Amino acid sequence: MTDTQLPVESLPSESAASAPVPQQRRVVTAIPGPRSQELQARRAAVVSAGVSSALPVYIERAHGAILEDVDGNRFLDFGAGIGVTTAGHTPTRVVEAATAQARDVLHTLFTITPYEEYVRVAELLARHTPGDFAKKTVLVNSGAEAVENGVKIARKHTGRRAVAVLDHAYHGRTNLTMAMNYKAMPYATGFGPLAGDVYHAPSSYPYRDGLTGPEAAARTIGYLEKVVGASDLACLVVEPIQGEGGFMVPADGYLPALQEWCTANGVVMIADEIQSGMARTGRLYASEHFGWVPDLVLTAKGVAAGFPLAAVTGRAEIMDASQPGGLGGTFGGNPVACAAAIAVFETIDEEDLLGEGRRIEATLTAGLERLRAKYDIIGDIRGRGAMIAIELVQPGTAETTKAPNAEAVGRLVAAAAQQGVLFLSAGTWGNVLRFLPSLRMTDELIEDALGVLDDAFATLG
Ligand SMILES: *Cc1c(COP(=O)(O)O)cnc(C)c1O
């Protein structure tokens, strides 16, 4: 801490720093507080303006469902670092496993001299991803890198060039993945030229398209056959529940119909479960809710409770298509990140985190239904487990045009932050408020947050 320029007396003592953070909301300064404002000023001088922060409060400690900032404010965290701290902030088992691993080996590079933890993670992914067949895995560092590798592997396996994604998708910020996103702004604008051979097919968005699963699938397939042609299509990459797009839950039957078409046409269908996977939705993988067994599954965000780790897992014959040396990277499958992931799998199992996801869904959706009865700008409530959203529309349009209301979302998020509740927005039009808490978020804390949200709705007028 010597280079932080903070007054020495304000540094937390060792015991305070290691004490668990009380699981309560607490606001003791304006938000952001004075120390966060100081840090924000330092940041402005040295951190690229291209990196933004939703709420510029600087976090000092976190545990369970709570973030504590440098001014002593405690936030109910309904963002979980965008679905990363699904097993909670600083979960004890994970912290201990990672600490022990850090003492043993920090790095060897699996492609030089391997280690057991990488193999163990691959075994766990083979067992827990959907589908009862031989599977193999490659570990990488980030979600976008997993997407890139999924596409590489599918191209190598099929010998085909084209990549298809769905409208409203989000797949990352690397060169290939920014071409796979629906929204140009802010992800791709000015950063071209973009990768070619990426096609954006219509999706299933029941709230706005009113289509059944089979109807929406026929529309998607019609597009792929007409605009791309199955014989040139290497893969179709799909989020089972779309994340940044606004937590759209596809109509029943949509995903299995697409998989059936892909299988019949030799197209590799890839589930981007980066946000929806790892117990986020009350199932280990969201694909399970829809009876979808993908060829390849992408895992990242929640897999290692905050350590950078991501994976492509899937059918052994597809995963083995690459020549030796074609996949990998310096940090991919780092031993500490792998030890953390193993502990995350154990935590999900031993602490029934799937059950916690179902509990959170029940409490949140019941509370949001109460709010919908009071506020007619809540057009839709959707999602699964601890991945729930409301879509807001302009007053009086819920039964007609459903005109998006991003302004209301912005005001609700800002008002809640002042009260110590961190909510995130989402959605193609920015009009979705998403609830993405850790599975440690108790019913009591959810009710507390819903009370704050109710007050914020009341002030919208
Ligand atoms: C976050 C996300 C990504 C990108 O992951 P990074 O680790 O940020 O590169 C890709 N797909 C989905 C669905 C995501 O939510």
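Once backbone amide H atoms are built at 1.01 Å from N, A310 has V140, N141, S142, G333 as its partners under 5 Å, excluding neighbours fewer than 5 places away on the same chain. Residues whose amide H comes within less than 5 Å of that of L166, counting only those at least five positions distant or on another chain, are A201 (H built at 1.01 Å from N in the peptide plane).
Dividing the radius of gyration of the alpha carbons in segment 94-350 by their Kirkwood radius gives 0.96 for Rg/Rh. Residues in segment 367-377 carry Karplus couplings, in order, of x, 6, 4, 4, 5, 4, 5, 9, 10, 6, 7 Hz; the curve used is 6.51 cos²θ - 1.76 cosθ + 1.60 with θ = phi - 60°, and Gly or Pro positions show x.
Please list, ordered by chain and number, the residues whose modelled amide H lies under 5 Å from the amide H of T281; skip anything fewer than 5 residues away on the same chain. The answer is A386.
Helical runs assigned H by DSSP (4 residues or longer) give the chain a calculated mean residue ellipticity at 222 nm of -11000 deg cm²/dmol, each run adding -39500 (n - 2.57) before division by the residue total.
Could you work out the equivalent-ellipsoid semi-axes for segment 191-317, taking the square root of 5 times each eigenvalue of the Cα gyration tensor, largest first, in whole Å?
23, 18, 15
Here, segment 349-401 has an Rg and a Dmax of 13.8, 47 Å when only alpha carbons are counted. Look at H107, H171 and count the other Cβ atoms within 10 Å of each Cβ; fewest to most, that gives H107, H171. Panel order for W261, W429, W292, by other beta carbons found within 10 Å of each beta carbon, from fewest to most: W429, W261, W292.
Based on alpha carbons, the Rg and Dmax found for segment 253-387 are 18.0, 60 Å. Whole-Hz Karplus values for segment 297-314 come out as 10, 9, 10, 7, 2, x, 5, 10, 6, x, 6, x, 7, 8, 8, 10, 10, x Hz, taken residue by residue from phi with 6.51 cos²θ - 1.76 cosθ + 1.60 and θ = phi - 60°; glycine and proline positions read x. Here the residues H128, H168, ranked from fewest to most Cβ neighbours within 10 Å of their Cβ, fall in the order H128, H168.
Computed log10 I(q)/I(0) for segment 285-347 at 0.15 Å⁻¹: -0.59, from the Debye equation with unit scatterers placed on every C-alpha and solvent omitted. Structural descriptor for the chain: relative contact order 20 percent, calculated from alpha carbon pairs under 8 angstrom and at least 6 residues apart. Where both bridge residues fall in segment 94-350, DSSP classifies roughly 40% of the beta bridges as antiparallel. Each residue of segment 273-286 is assigned a 3J(HN,Hα), and the resulting list reads 9, 4, 9, 8, x, 6, 6, 4, 10, x, 10, 4, 10, 4 Hz, derived from the Karplus form 6.51 cos²θ - 1.76 cosθ + 1.60 (θ = phi - 60°), x at Gly and Pro.
At q = 0.10 Å⁻¹, what log₁₀ I(q)/I(0) does the chain have when each alpha carbon counts as one equal point scatterer in the Debye sum? One equal scatterer on each Cα of the chain leads to -0.74.
Every number here is computed from the coordinates shown, using simple stated rules; none is lab data. Since the structure is predicted, the reported quantities are computational estimates derived from the model, not experimental observations. Note: ideal-geometry Cβ built from the backbone for every residue, glycine included; neighbour counts use all protein chains shown.
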